[in-house]
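The values are calculated or read from the model by the stated rules, or taken from the named source; none is laboratory data. On a predicted model such as this, the values are computed, not experimentally measured, just so you know. In this analysis, Cβ positions are derived from the backbone assuming ideal geometry, glycine residues included, and neighbour counts consider all displayed protein chains. For accessibility, only protein heavy atoms count, side chains too; no ligands or nucleic acids. Shrake-Rupley method; radii C 1.70, N 1.55, O 1.52, S 1.80 Å.
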Amino acid sequence: MKQTLFFGTYTKKSSVGIYRSELDTQKAHLSLPSAFIQIENPTYLQTTSTGNLYTVSKKGKKGGVAGFSFGSNNASPQFVSEVLTTGAPPCYVGWDHERKMVYTANFHKGTLNIFKTLDGKLVQLKEIKYTGHGPRKEQDQARIHYADLTPDRRLIVCDLGSDCVYLYDFTDTKLKLASTYKTEPGFAPRHIVFHPNQKFAFLVGELSNQVSVLEYDKKSGCLRHKSTLSTLPSQWQGQNGAAAVRISKDGNFLYVSNRGHNSIAIFSIAPDGTLKQIGFTPVQGEFPRDFALDPTDHFLVVVNQKTNNATLFERSLKTGQLICKQKDIPVPEGVCVSFSKF
């Protein structure tokens, strides 16, 4: 079985845009990534089951989001549209299949943008500007780092700058704030994932290097703190920034990437949502900005920004542990890993 995946990148040095590769699950092998879409600064992307790809985009002093569509052979991306505004581009792209909407989070501007898609074409509906700050120097203003859906289709937004997570009820094109979760000062919420049972969520703090277990009340849309653990070994003293977080489909294991310690932290998840550190796997590179589990959950692919490489791991469904199968896969300035949904 072969699975297509894409790598988003910075294009400050040698990268030309989005790269494509194939994972052969029988051979446990990742093909040599090749340039697929030439576009500036596609640092995050999402594909859809309807054959579209939405990505961060940048042109000169403008940034925004661009959309592409694919032919039946998935080999010929066709540009559809883009929406660019003056200033830095967003850092995250979320996709809402039922509403046919795209959400972007802009770290530098502190904004959430919502787009409707019409035959793949992007039409901006709303922009929300956030305010606030935290105690750390990196938290001088609102820093929106994530905008996507909860399992019950609320919109959830992580503000790294003000230590807040916002949840919205969404009716047609109208947003109504359902709740605001406030973390510990300096936690710096970056990304969040939900347990398959929808009772728990796991929130990663980039600057605190922690992951919090949160109870999720679907009726009210509220998050409540349960516990917090470090993403690092107890003896680690160096610089680090926690980054991506993923959960296995069975809800038994959680993974977080550490930029600095250069590892994937592995946690087991108890039935009551409690986390337990069970290991740290070296990523065979530096600055693991992002990683993804393949659709079978048997493999994990991580991309290392500073060493321009990706690494393929095979994952034990029973123990959650990772075994390196392939390293030094060339990906220039890699910052995003996304398995194709089409």
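Determine, yes or no, whether Asp272 is farther than 23 Å from Ile323 by Cβ and in a loop (DSSP other than H, G, I, E, B).
It is true that Asp272 is farther than 23 Å from Ile323 by Cβ and in a loop (DSSP other than H, G, I, E, B).
If I ask for residues that are crowded, with 22+ Cβ neighbours inside 10 Å and not in a strand (DSSP E or B), which ones from the stretch 222-261 would you list?
Across the stretch 222-261, the qualifying residues are Thr231, His261.
Name the residues in the stretch 138-160 that are hydroxyl-bearing (Ser, Thr, Tyr) and buried (at least 21 other Cβ atoms within 10 Å of the Cβ), would you?
Passing the criteria: only Tyr146.
Pairs, please: C-beta under 7 Å, at least 6 apart or cross-chain, first residue at positive phi and in the stretch 107-130, second open to solvent by less than 80 Å² (accessible area, probe 1.4 Å) and in a strand (DSSP E or B)?
Every condition considered, the pairs that remain are Gly110/Ile144; Gly120/Asn52; Gly120/Gly67; Gly120/Ser69; Gly120/Val80.
Just checking: which of the strands (runs of 3 or more DSSP E) contained wholly in the stretch 1-88 hold 2 or more residues that are among the aromatic types (Phe, Trp, Tyr)?
Correct list: 2-9.
Determine if the stretch 34-46 includes at least one residue that is modelled with pLDDT of 95 or more and of a type in the set (Gly, Ala, Ser).
yes
Filter the stretch 262-272 for residues that are of a type in the set (Gly, Ala, Ser) and either closer than 15 Å to Val302 by Cβ or within 21 Å of the chain's Cα centre (by Cα) (or both); which is surrounded by the most Cβ atoms within 10 Å (Cβ to Cβ)?
Ala265
Among the residues of the stretch 92-127, write down those that are modelled with pLDDT of 95 or more, outside any strand (DSSP E or B) and open to solvent by less than 30 Å² (accessible area, probe 1.4 Å).
Gly110
Go through the residues of the stretch 162-175 one by one and say whether even a single one is surrounded by fewer than 16 Cβ atoms within 10 Å (Cβ to Cβ), of a type outside the set (Lys, Arg), farther than 20 Å from Arg99 by Cα and out of contact with any helix residue (DSSP H, G or I) (no Cβ under 8 Å at 6 or more places or on another chain).
No: the stretch 162-175 contains no residue that is surrounded by fewer than 16 Cβ atoms within 10 Å (Cβ to Cβ), of a type outside the set (Lys, Arg), farther than 20 Å from Arg99 by Cα and out of contact with any helix residue (DSSP H, G or I) (no Cβ under 8 Å at 6 or more places or on another chain).
Any residue in the stretch 282-305 that is of a type outside the set (Asp, Glu) and within 23 Å of Ser227 (Cα to Cα)?
no
Please enumerate the residues belonging to the stretch 275-308 that are out of contact with any Leu (no Cβ under 8 Å at 6 or more places or on another chain), open to solvent by less than 10 Å² (accessible area, probe 1.4 Å) and in a strand (DSSP E or B).
Pro288, Asp290, Val302, Val303, Asn304
For Met1, only one of the following conditions fails: (1) under 16 Å from the mean Cα position of the chain (by Cα); (2) open to solvent by 20 Å² or more (accessible area, probe 1.4 Å). What is its number?
Only one criterion is unmet by Met1, namely (1).
Would you call Asp217 charged (D, E, K, R) and crowded, with 19+ Cβ neighbours inside 10 Å?
No: the conditions fail for Asp217.
For the stretch 27-63, how many residues meet the condition of being at positive phi and surrounded by 15 or more Cβ atoms within 10 Å (Cβ to Cβ)?
3
For Asp250, all conditions in the list (1) of a type outside the set (Phe, Trp, Tyr); (2) out of contact with any Gly (no Cβ under 8 Å at 6 or more places or on another chain); (3) under 29 Å from Ser34 (Cα atoms); (4) in contact (Cβ under 8 Å) with a residue 60 or more places away in the chain hold save one; what is the number of the exception?
(3)
Residue-wise test of (1) touching a Ser or Thr at 6+ places or on another chain (Cβ under 8 Å); (2) of a type outside the set (Phe, Trp, Tyr); (3) over 19 Å from Phe200 (Cα atoms).
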| position | (1), (2), (3) |
| --- | --- |
| Cys222 | yes, yes, no |
| Gly241 | no, yes, yes |
| Thr274 | yes, yes, no |
| Gly285 | yes, yes, yes |
| Pro288 | yes, yes, yes |
| Thr319 | no, yes, yes |
| Lys327 | yes, yes, yes |
| Val331 | yes, yes, yes |
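When residues of the stretch 309-338 are filtered for being part of a strand (DSSP E or B), crowded, with 17+ Cβ neighbours inside 10 Å and either within 14 Å of the chain's Cα centre (by Cα) or among the aliphatic types (A, V, I, L, M) (or both), how many remain?
9
Could you grab me the full set of residues in the stretch 291-314 that are closer than 22 Å to Ile247 by Cβ and in contact (Cβ under 8 Å) with a residue 60 or more places away in the chain?
Ala292, Asp294, Pro295, Thr296, His298, Phe299, Val301, Val303, Ala310, Leu312, Glu314 - these are the residues of the stretch 291-314 that are closer than 22 Å to Ile247 by Cβ and in contact (Cβ under 8 Å) with a residue 60 or more places away in the chain.
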